[in-house]
Amino acid sequence: MTPTHGSSTPAPTSPPGGDGRGFFHKHLLGIEGLNPLEIGYLLEIADTYVEQNRRANKKKSLLKGMTLINLFFETSTRTRTSFELAGKRLGCDVINMQTDASSIKKGETLLDTAITLNAMHPDILVVRHSESGAVKLLSEKVDGCVINAGDGRHEHPTQALLDALTIRRRKGRIEGLTVAICGDILHSRVARSNIHLLTTMGARVRVVAPPTLLPAAVERLGVEVFHDMRRGLENCDIVMMLRLQQERMRGSYLPSVREFFHFYGLDHAKLSAAKPDALIMHPGPMNRGVEIDTVVADDIHRSAIQEQVEMGVAVRMACLDVLTRKVRETELKNGGAS
Ligand code: NCD
């Protein structure tokens, strides 16, 4: 049986005769359940695309004739544009579905939308939705491969991969590093995917947040919990800041934004507890003066925030490449593709 999900499924077996390296899932729904070899393989492919993207001629015709639909039920700047660029740089046709201008506004359900789009034979569907689990549900109703571009508080696998690529290129490794993920862990799919990826790859992960912004029993994910920011940052190699996801908050989680910044906002004083060469990361969008001080965010010696955006395109190209490989090879064998 072909494995269908990059999430909650056993590690896939390699095809007969293979050397075990590769990525043989049909979809990329999450980092949970992926093994270090699969993650390492995606990062290796992404590395080659970083180089391609730095050349004047950035285009390849690898996915020529294929169609990618970006289906975003939530707002996005970086993720949607980078998937669009990634598809175009690989020669794919890309359609951006505006959910506020589509039948979804007229009451069409998620599954009706999926079935309708499926009838147009997209090869890849990139989906973002506010409900955890919605992308997996959709993947069960369509023929093409599905990439989770963020589902509720659950997972955001390509963000974790691009963060890993940034770390690996800057630090030369992931294993053995100490990474502090700080801020609104409770509502963050970025935190969840990063915790899965970094612990799988052998990093020590700390979460730093007030008790109200931590999921129950978070230590079961293999992380160390800190409520004091300076102690949480002590001697760490990477400081990963998260946005306060106010749009997901029902009720009161904080006394005030000002107080949050005082205790948990990253400024140079708190950063001094980390290693002198500790890297500052943020998935964006940033709320300056809320979770991060503007001077720290723009510190060109410490901040890798713009590099994360660059790595985002390369990682998404790698995902499109590996997920469509089987279909492309079958087509080639049948003499259908040029
Ligand atoms: C993140 C997201 O949407 O989960 N953003 C992103 O994809 N770059 C984080 C956030 O919105 O704060």
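Quick note: the coordinates plus some simple rules give every number you see, no bench work behind them. All of these numbers come straight from a predicted model, not from anything done at the bench. All Cβ positions, glycine included, derive from the backbone under ideal geometry; neighbour counts span all protein chains shown.
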query: Quick one: if you stick a label point 7 Å off each Cα along the C-beta vector at Thr199 and Asp47, how many nm between them?
result: 2.7
field: Residue of Lys64, Lys136, Lys26 that the Gaussian network model of the chain assigns the largest fluctuation, springs spanning Cα pairs under 10 Å
entry: Lys64
- line: Projected convex hull area of region 260-338, Cα atoms, direction-averaged, in nm², equals 7.7
- line: If one builds a Gaussian network model of the chain from Cα atoms under 10 Å apart, the most fluctuating residue listed among Ser82, Ser139, Ser61 is Ser61
query: Which whole-number percentage describes the relative contact order of region 193-291, with Cα contacts under 8 Å and a sequence gap of 6 or more?
result: 31
Other-chain or far-sequence residues with amide H under 5 Å of Leu266's (modelled H): Ile292, Asp293
statement: Rounded to one decimal in nm, the spacing of the 7 Å Cα→Cβ label points at Asp277 and Phe263 is 3.4
- request: Choose one answer from Arg258, Arg206, Arg192: the residue with the largest mean-square fluctuation in a GNM of the chain with alpha-carbon springs under 10 Å.
  value: Arg258
- request: Run the dipole for region 218-306 about the Cα centre, Lys and Arg Cβ at +1, Asp and Glu Cβ at -1, nothing else charged, and hand back the magnitude in debye, nearest 20.
  value: 260
- request: Would you please report the Å³ per residue occupied by the convex hull of the alpha carbon atoms in region 22-110?
  value: 139
field: Per-residue HN-Hα couplings for region 118-130 [Karplus 6.51, -1.76, 1.60; θ = phi - 60°; Hz; x = Gly/Pro]
entry: 4, 5, 8, 6, x, 8, 9, 10, 9, 10, 10, 8, 6
field: Dipole of region 214-336, positive direction: furthest Cα of Pro285, Ala216, Ile238, with charges on the beta-carbon
entry: Ala216
message: Using Cβ counts within 10 Å as a stand-in for footprinting exposure, how do Asp184, Asp93, Asp277 rank, fewest first?
response: Asp277, Asp93, Asp184
- request: Work out the charge dipole of the chain with +1 on the Cβ of Lys and Arg and -1 on the Cβ of Asp and Glu about the Cα centre, then indicate which of Tyr253, Leu62, Met97 is farthest towards its positive end.
  value: Leu62
message: To the nearest 20 Debye, how big is the dipole of region 238-278 about its Cα centre, given +1 on the beta carbon of each Lys and Arg and -1 on that of each Asp and Glu?
response: 140
query: Mean separation of Cα pairs under 8 Å and 6+ residues apart, divided by the residue count of the chain: what relative contact order is that in percent?
result: 18
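With +1 on each Lys and Arg Cβ and -1 on each Asp and Glu Cβ, how big is the dipole of the chain about its Cα centre, in debye rounded to the nearest 20? Walk me through the numbers before you get to the answer.
Numbers: 43 positive and 39 negative charges, 101 e Å.
My answer is approximately 480 debye.
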Dipole-positive endmost among Gly183, Gly133, Ile147 within region 102-196 (Cβ charges, Cα centre): Gly183
query: From the backbone phi of region 288-302, what are the Karplus-calculated ³J(HN,Hα) couplings (6.51 cos²θ - 1.76 cosθ + 1.60, θ = phi - 60°) in whole Hz, Gly and Pro given as x?
result: 5, x, 10, 9, 8, 6, 4, 5, 6, 4, 9, 6, 5, 7, 10
